[in-house]
Amino acid sequence: MKKIILLSCLFTRFISIAQEKDTTSVFKKRVLENTEVDFLSSYYNQDGTHAAVSGGLGTEKLKDFATNIVVATPLNDDDFLTFDVGLSAYTSASSSNVNPFSNSTTSTSSGASGHVTTTTVNNTPPVGTPWQASSGASKGGTLWALNSNYSHSSEDRNFIWNADLSLSTEFNYKSFGFGGGVTKLFNDKDTEISLKSNIYLDNWNAIYPTELHEYAKYGNDFQLYGYFKGVAILDQNGNVTTAYLPSTFRPWTSTGRNSYSVSLSFSQVLTKKSQISIFTDILQQQGMLSTPYQRVYFADKANYYIGKVQYISVYETSANTGVYHLADDIERMPNTRFKLPIGLRWNYYVNESLAIRSYYRYYWDNWGINAHTANIEIPYKISDKFTVYPMYRYYVQTAAKYFAPYEKHLSTEQYYTSDYDLSAFNASQYGFGVDYTDIFANATFFGMGVKNIDFRFNHYSRSDGLSANIGTLGIKFIIQ
Amino acid sequence: MKKLALLAVVFVVLQSCNSVKPYEMQKINDPDMKLSARTTEKYESTFQVYREGAAGANGGKSGGGCGCN
């Protein structure tokens with residue numbers, strides 16, 4: 001009943017808005033007066049104890065430096081074009097522990113498949129641990145991304161359409177996306193409704209954990225060839241054995257991932273001091289939704305290791321500095337996923353110094369995850385150009401139905417993952433920002449007017465022990 | 001809690017029946033009142049998409065274009 005009342009209110013409001021005719025004579029202003037250039041840069045680091053590459057335990061150390069240059073340029077009074085070029089360079093334990101084994105005399109090479117192969121050239125036993133990042137060739141990587149957007153506004157500025165194109169590439173993932181949308185403004189521009197759609201056609205270059213790659217390459221005799229030739233494999237008691245056979249593992253034959261999204265949004269100016277926006281993304285994904293280098297260990301399979309015997313008994317603690325558990329399989333997830341997030345923003349202008357920016361999102365998907373996100377930011381103007389804004393974000397989710405911790409899955413299950421990003425947890429993020437805005441861009445730098453400088457720093461803490469810090473600097477220039 | 005949230009939504013929707021004219025939009029047009037994420041939130045949204053099961057409804061990508069969930 002309550003839902004019906006609510007829907008009736010929204011529907012009535014929508015109809016009344018749609019029937020109002022905007023007869024205001026509007027001075028035609030260029031949609032974008034000048035070319036604007038944004039320089040964005042961020043540094044991110046994290047650490048945790050539940051590495052997905054090691055089946056749900058081990059270091060999650062990661063450092064990432066990212067930078068983007070965004071250029072928006074007017075083509076005429078009604079149209080403008082935006083280009084966003086981004087580069088992200090990272091080092092991570094997840095990448096390096098695809099091959100966790102290091103020894104003093106190994107050589108690495110990249111095969112035709114793109115897989116990094118390590119070849120043992122003497123009898124020094126390889127050593128690895130999930131608690132330290134390996135120094136392997138895949139320790140880091142770079143991500144390049146290009147997004148472009150074309151936007152056209154009608155004469156009265158009450159109708160906008162846009163089209164976009166995106167490309168990105170990193171060592172194991174490529175993406176191509178395109179889409180478009182329309183926006184309609186009503187009611188003296190108090191009301192805005194928009195609809196957009198995007199399609200992403202992505203593809204993995206499937207990189208598998210070393211032991212599974214070698215098994216796939218050489219078959220049941222893989223311990224006689226390649227990486228495993230001459231390498232001692234230990235059982236749970238520390239005895240050398242040849243019984244390790246990850247027969248559950250099968251390489252992916254199709255590595256495409258397609259994502260189709262439809263986004264709807266409704267924005268409304270409520271009063272002279274408040275406005276609200278309600279929006280949703282309806283998303284369907286198909287294809288390889290598993291991450292191919294994330295190990296899984298089964299409770300009903302025997303354990304096998306490479307490394308030093310004395311560390312087997314302390315394998316699950318950071319005291320283990322010299323032994324690595326060989327995988328039973330990689331994570332297996334369904335090849336479809338339907339996501340439905342619904343978000344709401346409400347901003348309130350308290351007075352000339354203070355405003356409240358708030359955000360809430362409910363999320364549901366058919367993998368079993370339900371999540372709530374709440375965010376509040378309180379910008380406070382300390383002068384006509386400077387604003388400081390403390391912020392807080394709270395997030396909570398239920399676990400995906402395919403998640404279980406290290407060695408809790410059974411080999412009889414159809415789908416499984418030990419990725420703690422899909423576990424049940426809550427997270428808090430808090431920080432501050434400092435913003436400088438001069439709408440006249442009087443200060444100049446290399447002939448460009450400085451319109452805005454924004455710096456923000458946040459600390460993120462997850463209930464499973466993962467923590468992260470991120471600092472971001474953005475500078476907007478105007479080219480007149 | 002659900003009742004309160006429902007009442008809050010109904011309240012703000014009903015409030016919106018009074019149109020705000022363009023010349024009354026000075027406060028609404030304040031940069032801090034924008035109904036979108038700040039440009040500098042871009043990277044935080046990206047790492048959240050990687051580190052959390054949920055994504056979307058925040059103006060960013062909702063699943064495509066990265067090797068994340």
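Could you please give the count of residues in the stretch A:171-210 that are part of a strand (DSSP E or B) and either of a type in the set (Phe, Trp, Tyr) or open to solvent by 30 Å² or more (accessible area, probe 1.4 Å) (or both)?
We begin by selecting, within the stretch A:171-210, every residue part of a strand (DSSP E or B); these are A:173-186, A:191-204.
Those left that are additionally either of a type in the set (Phe, Trp, Tyr) or open to solvent by 30 Å² or more (accessible area, probe 1.4 Å) (or both): A:173-174, A:176, A:178, A:182, A:184, A:186, A:192-193, A:195-197, A:199-201, A:203-204.
Total satisfying the criteria: 17.
Of the numbered conditions (1) assigned to a helix (DSSP H, G or I); (2) at pLDDT 65 or above; (3) more than 7 Å from every other protein chain (Cβ to nearest Cβ), B:Lys42 fails exactly one; give the number of that condition.
Every listed condition holds for B:Lys42 apart from (3).
Determine whether the stretch A:397-413 contains at least one residue that is farther than 27 Å from A:Val98 by Cα and either touching a residue at least 12 places away in the same chain (Cβ under 8 Å) or surrounded by fewer than 21 Cβ atoms within 10 Å (Cβ to Cβ) (or both).
Quick first cut of the stretch A:397-413, residues farther than 27 Å from A:Val98 by Cα only: A:397-398.
Keeping just the survivors that are either touching a residue at least 12 places away in the same chain (Cβ under 8 Å) or surrounded by fewer than 21 Cβ atoms within 10 Å (Cβ to Cβ) (or both) gives A:397-398.
Yes: the stretch A:397-413 contains one or more residues that are farther than 27 Å from A:Val98 by Cα and either touching a residue at least 12 places away in the same chain (Cβ under 8 Å) or surrounded by fewer than 21 Cβ atoms within 10 Å (Cβ to Cβ) (or both).
Out of curiosity, is A:Tyr208 modelled with pLDDT of 90 or more, over 22 Å from the mean Cα position of the chain (by Cα) and more than 11 Å from chain B (Cβ to nearest Cβ)?
No.
Name the residues in the stretch A:154-171 that are within 12 Å of chain B (Cβ to nearest Cβ) and among the charged types (D, E, K, R), would you?
Selection gives A:Arg157, A:Asp164, A:Glu170.
Hey, among A:Ser318, A:Ser290, which residue is farther than 14 Å from A:Pro130 by Cα and either away from every other protein chain (no Cβ under 14 Å) or touching a residue at least 40 places away in the same chain (Cβ under 8 Å) (or both)?
Working: A:Ser318 fails: farther than 14 Å from A:Pro130 by Cα.
Going through A:Ser318, A:Ser290 in turn, the sole match is A:Ser290.
Would you kindly identify the strands (runs of 3 or more DSSP E) lying entirely within the stretch A:251-317 that contain at least 3 residues that are touching an Asp or Glu at 6+ places or on another chain (Cβ under 9 Å) and among the hydroxyl-bearing types (Ser, Thr, Tyr)?
Values: elements: A:256-271, A:274-287, A:304-307.
The qualifying strands (runs of 3 or more DSSP E) are A:256-271.
Among the numbered conditions (1) modelled with pLDDT of 90 or more; (2) in contact with a strand residue (DSSP E or B) (Cβ under 7 Å, 6 or more places away or on another chain), tell me where A:Leu224 comes up short.
The single condition A:Leu224 does not satisfy is (2).
Which condition number in (1) over 19 Å from A:His325 (Cα atoms); (2) in contact (Cβ under 8 Å) with a residue 12 or more places away in the chain is the one that A:Leu75 fails?
Failed condition: (2).
For A:Tyr389, indicate whether it is surrounded by 15 or more Cβ atoms within 10 Å (Cβ to Cβ) and either among the β-branched types (Val, Ile, Thr) or farther than 30 Å from B:Asn29 by Cβ (or both). Write out each step before concluding.
Working: surrounded by 15 or more Cβ atoms within 10 Å (Cβ to Cβ): yes; either among the β-branched types (Val, Ile, Thr) or farther than 30 Å from B:Asn29 by Cβ (or both): no.
No; evaluated as a whole, the condition is false for this residue.
Filter the stretch A:211-251 down to the residues that are charged (D, E, K, R), in contact with a helix residue (DSSP H, G or I) (Cβ under 8 Å, 6 or more places away or on another chain) and surrounded by 15 or more Cβ atoms within 10 Å (Cβ to Cβ) and list them by number.
Selection gives A:Glu211, A:Glu214, A:Lys217.
The values are calculated or read from the model by the stated rules, or taken from the named source; none is laboratory data. Because the structure is a prediction, the values reported are computed rather than measured. So basically every Cβ, Gly included, is an ideal-geometry build from the backbone, and we count neighbours across all protein chains shown. To get the accessible areas, we keep the full protein, side chains included, count just its heavy atoms, and leave off ligands, DNA and RNA. Shrake-Rupley method; radii C 1.70, N 1.55, O 1.52, S 1.80 Å.
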